[in-house]
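A short write-up of the structure that comes next.
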Amino acid sequence: MGKSTQPLLKRCKALGINPVVMGYDKVSKRNQKEVRRKKSEYGIQLNEKQKVKFIYGVLESQFRKYYEMASRKHGVTGELLLQLLESRLDNVVFRLGFAKTRKEARQMVSHGHITVNGSKVDIPSYLVKVGDEISVKEKSRTSTGVKTILARNGDKAVPAWLEIDRDNFTGKVTALAAKSDIDYAVKENLIVEFYSK
């Protein structure tokens with residue numbers, strides 16, 4: 001599997017992302033001066049695609065599959081693409097506050113700490129549906145590492161399309177994510193334009 005080794009803050013700055021979106025509260029103090037370079041139309045579209053890929057931690061081949069899935073559905077392709085990315089299990093675990101970052105959420109899922117409707121799911125790219133109940137495994141709740149993560153994220157705000165029961169470490173998908181639920185600036189139409197060439 002591909003792995004990005006570039007420092008997170010440096011990548012955030014290059015793509016114009018606030019590190020808070022990634023789950024980090026650090027801010028780089030170095031090189032605050034903006035370097036203005038005129039970008040081509042292709043460069044702007046590519047940057048938007050790279051930004052969304054980086055936020056969700058998805059590689060190019062998988063991202064393209066999500067785009068193709070979205071383009072086959074009825075509706076606005078760009079919004080459907082974002083909806084598919086938001087429906088990933090690792091993202092839902094992050095949004096529920098069971099993990100500080102999407103990377104941490106991906107690790108929790110792949111290590112088997114998460115269940116969907118009572119069954120263990122260890123595939124971070126698993127797409128949740130409306131009505132699915134996501135919870136931390138009973139055995140994992142007593143683990144020191146998981147306890148620390150859950151205690152640290154106890155006050156995190158949960159989006160409107162999810163419901164959470166913090167006492168029982170469970171969450172429920174009440175609807176699919178809408179464009180208004182996304183907490184970062186994205187021009188999804190540029191991604192659609194990039195792939196439709």
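Key figures
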quantity	calculated
Qualifying positions in the range 179-197 - assigned to a loop (DSSP other than H, G, I, E, B) and open to solvent by 50 Å² or more (accessible area, probe 1.4 Å)	Asp183, Ala185, Lys187, Ser196, Lys197
Within the range 70-95, considering residues that are touching a Ser or Thr at 6+ places or on another chain (Cβ under 9 Å) and either farther than 17 Å from Val186 by Cα or of a type in the set (Asp, Glu) (or both), the one surrounded by the fewest Cβ atoms within 10 Å (Cβ to Cβ)	Ser71
Some residue of the range 119-133 being modelled with pLDDT of 85 or more and among the aromatic types (Phe, Trp, Tyr)	yes
Selection within the range 136-172 - at pLDDT 80 or above, of a type in the set (S, T, N, Q) and not in a helix (DSSP H, G or I)	Thr170
Only one of Glu79, Glu34, Glu60, Glu48 that is over 20 Å from Asp181 (Cα atoms) and at pLDDT 85 or above	Glu60
Count of residues meeting criterion [at pLDDT 90 or above and hydroxyl-bearing (Ser, Thr, Tyr)] in the range 100-115	2
Check on Ala157, open to solvent by 20 Å² or more (accessible area, probe 1.4 Å) and more than 28 Å from Lys65 (Cβ to Cβ)	yes
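Let's see how each residue does on (1) outside any loop (DSSP other than H, G, I, E, B); (2) among the basic types (Lys, Arg); (3) over 20 Å from Glu163 (Cβ atoms):
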{"position": "Glu79", "(1), (2), (3)": "yes, no, yes"}
{"position": "Phe94", "(1), (2), (3)": "yes, no, no"}
{"position": "Phe98", "(1), (2), (3)": "no, no, no"}
{"position": "Ala105", "(1), (2), (3)": "yes, no, no"}
{"position": "Met108", "(1), (2), (3)": "yes, no, no"}
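The values are calculated or read from the model by the stated rules, or taken from the named source; none is laboratory data. This is a predicted model, so every value here is computed, not measured. For neighbour counting, all protein chains shown are included, and Cβ atoms are generated from backbone atoms with ideal geometry for every residue, glycine included. The area values use the complete protein model at the heavy-atom level, side chains included, leaving out ligands, DNA and RNA. Shrake-Rupley method; radii C 1.70, N 1.55, O 1.52, S 1.80 Å.
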